[in-house]
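One structure is given here, and the rest of the page talks about it.
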Amino acid sequence: LAHIAAHHCWSKPIIADNLSPFQRIAVETFEDSRVEYLAMQIYPGLRHILLALHPKPIEDDCISDKESCIRHRLTMLSYAILNTNHDYKNKDIIEFSEKFHDIMQEEIKLGQMSSTYDISKLGTSFIARTRRQEDQLPNVYFKDTEVEYRDDNRNLWTFIEMGDEEEMFDKHEM
């Protein structure tokens, strides 16, 4: 409930049409982390609860070229953001976790608050840097990647264009 309440307080829908599915899942990870970070500033005891509920993926568990590891990388990143004492060695996980904290701490120091749109830039940058060819494979690595207390983020997105499945093809009514 704390996670959903944090979204209610600080998340604003952003346009999804120009983002790929990979970019959207990364933006969702960063936005989830952003609202949790903000909630933990008000309720510091929340960090212990969220750490206990958040899975901690083992860094070298998903290194196959036969399955997509995107969820694994994003869950590692989410854990690293939540727990600054993580033991991950992956340079991208470390760099983007540090960038996230630098942005959040600077904004708090200046009395400003980042927006969903602002943090989305970090998510798209993470995907641009870390995306691999095998991320497109139909087999997806799921072990220790489901953060069960988080919602599905459906309220995070606004779609302007209808998809192909919603198009009306010269429907004639009699």
Practice prompt. Would you check if there is a residue in region 73-95 being basic (Lys, Arg) and open to solvent by less than 20 Å² (accessible area, probe 1.4 Å)?
Written response: yes
Worksheet item: Considering Glu67, Glu59, which residue is at pLDDT below 95, in contact with a strand residue (DSSP E or B) (Cβ under 9 Å, 6 or more places away or on another chain), surrounded by 12 or more Cβ atoms within 10 Å (Cβ to Cβ) and farther than 21 Å from Ile4 by Cβ?
Response: Glu67
Discussion item. Consider region 83-101. How many of its residues are more than 17 Å from the chain's Cα centre (by Cα) and among the charged types (D, E, K, R)?
Written reply: 3
Worksheet item: Does Tyr88 satisfy being in a loop (DSSP other than H, G, I, E, B), closer than 18 Å to Ser33 by Cβ and modelled with pLDDT of 90 or more?
Response: yes
Discussion item. Tell me the residue from Glu59, Glu36 that is in a helix (DSSP H, G or I) and of a type in the set (Asp, Glu), please.
Written reply: Glu36
Practice prompt. Go through region 32-56 residue by residue and tally those that are open to solvent by 40 Å² or more (accessible area, probe 1.4 Å), under 22 Å from Lys143 (Cβ atoms) and in contact with a helix residue (DSSP H, G or I) (Cβ under 9 Å, 6 or more places away or on another chain).
Written response: 2
Worksheet item: Would you pick out the residues in region 108-166 that are free of Cβ contacts under 8 Å to residues at least 40 places away in the same chain and within 13 Å of Ala26 (Cβ to Cβ)?
Response: Lys121, Ser125, Ala128, Arg129
Worksheet item: Just for region 119-133: of the residues that are of a type outside the set (Gly, Ala, Ser) and exposed (fewer than 15 other Cβ atoms within 10 Å of the Cβ), which one is nearest to the chain's Cα centre (by Cα)?
Response: Lys121
Fill in: Count of residues meeting criterion [open to solvent by 10 Å² or more (accessible area, probe 1.4 Å), outside any loop (DSSP other than H, G, I, E, B) and not small (Gly, Ala, Ser)] in region 4-31
14
Fill in: Complete set of residues in region 96-118 that are at pLDDT below 95, open to solvent by less than 10 Å² (accessible area, probe 1.4 Å) and in a helix (DSSP H, G or I)
Met104, Thr116
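The values are calculated or read from the model by the stated rules, or taken from the named source; none is laboratory data. Owing to the predicted nature of the structure, the values given are computational and were not obtained by experimental measurement. Don't worry about glycine lacking a Cβ; one is built from the backbone with ideal geometry, like all the others, and counts go over all protein chains shown. With ligands, DNA and RNA removed, areas are computed over all heavy atoms of the protein, side chains included. Shrake-Rupley method; radii C 1.70, N 1.55, O 1.52, S 1.80 Å.
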